[in-house]
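**Q** One structure is given below, represented as structure tokens, and several questions about it will come after.
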Amino acid sequence: MKFPSDWKDFEVVATGGSEKLERWGSVFLLRPDPQAIWRAGFDFLKFDKLHAKYTRSASGGGSWEFIKKMPDEWVIGYKNLKFLISPTNFKHTGLFPEQAVNWDLMAKSICKATQSKSAEAVTVLNLFGYTGGATIACATAGAVVTHVDASKGMVEICKRNCKLNKLPATSVRFLVDDCVKLVEREIRRGKKYDAIVMDPPTFGRGANGEVWKIEESLDYLVGKCRELLSDKPLFFLLNSYTAGLQPTVMKNILARNLGTCKNIDSYEIGLPTGEGIVLPAGCSAIATWR
């Protein structure tokens, strides 16, 4: 398992009872977590610094209970990166901190590939890009990124995150689109990318109501993405949180679809907690050529 060790503005304070108590900057939030099925070490609602708790509804969705005054939106940093944080109606905050593991990995790969002054910028396609954690990491490292998500609202937050990080307008291309249709269209256009990042949901709908089911669509999409890789690809990163896919499953999908590459690594991702344990937070697989 891999987990980030350089966070200063984020930490998982405690876990248990299918919940996690987190610090986001100076704000403390209590959110559901289906992995934390063990017994909690104390009553989280008695934690005197708690600002808000998210409670799921029996009919679906849920809502926030605000316990202390807190900002509607604030900024946290990871190394040289900055991100907007804001609690949403779907329990999320606009960022998945465990992905710092992959941000570091991609940034290192991009920097190495472009260390020569004569080297061209690495082109990256970020599918299901959400609010742009991977986009910010790759663009800050020097890549030119095409950021794709079916949600206009998420793409707008990514734009704001790019401005927050003072990225040049030319470093990120923003697209509100269905990822499968976008990939098929880019193939017809003859477009090529040096690296592809994909963090698909278990279920979703595209900009025009297209249905995405990971068990039915993932293998096809990865196969089509192979046609978008340049003659000298850098990496293909596949991430999954909600589907519960095993790392070996993801490794097999990359191996079956990407052809010859230098290496394929697959691994669980987690978050260290204040209790001295690690909270599982999904898994990733990455194929590398250089």
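**Q** Which of the residues spanning the range 165-190 are more than 21 Å from E210 (Cα to Cα) and not in a loop (DSSP other than H, G, I, E, B)?
**A** Of everything in the range 165-190, those that are more than 21 Å from E210 (Cα to Cα) and not in a loop (DSSP other than H, G, I, E, B) turn out to be A169, T170, S171, V172, R173, R189.
**Q** Can you work out which of the residues in the range 48-105 that are of a type in the set (A, V, I, L, M, F, W, C) and loosely packed, with under 13 Cβ neighbours inside 10 Å is nearest to C283 (Cα to Cα)?
**A** Among residues in the range 48-105 that are of a type in the set (A, V, I, L, M, F, W, C) and loosely packed, with under 13 Cβ neighbours inside 10 Å, the one nearest to C283 (Cα to Cα) is F90.
**Q** Could you grab me the full set of residues in the range 213-242 that are among the small types (G, A, S) and surrounded by 22 or more Cβ atoms within 10 Å (Cβ to Cβ)?
**A** Correct list: S240 only.
**Q** Right, next: Among the residues of the range 238-290, which ones are over 20 Å from D6 (Cβ atoms), touching a Lys or Arg at 6+ places or on another chain (Cβ under 6 Å) and among the hydroxyl-bearing types (S, T, Y)?
**A** S266, T288
**Q** Sticking with this one: Which residues, taken from the range 128-164, are in a strand (DSSP E or B) and crowded, with 23+ Cβ neighbours inside 10 Å?
**A** Hits for the range 128-164 are V145, H147, V148, D149.
**Q** On to the next question. Which residues, taken from the range 70-85, are in a loop (DSSP other than H, G, I, E, B), within 17 Å of R23 (Cβ to Cβ) and in contact (Cβ under 8 Å) with a residue 24 or more places away in the chain?
**A** Across the range 70-85, the qualifying residues are M70, P71.
**Q** Of all residues in the range 86-127 being β-branched (V, I, T) and outside any loop (DSSP other than H, G, I, E, B), which is farthest from P32 (Cα to Cα)?
**A** Among those that are β-branched (V, I, T) and outside any loop (DSSP other than H, G, I, E, B), it is T123.
Read the figures in this text as sums done on the coordinates, not as results from a lab. Note that this is a predicted model, so its numbers are computed, not measured. Here the Cβ is made from the backbone with ideal geometry for all residues, glycine too, and neighbour counts use every protein chain on show.
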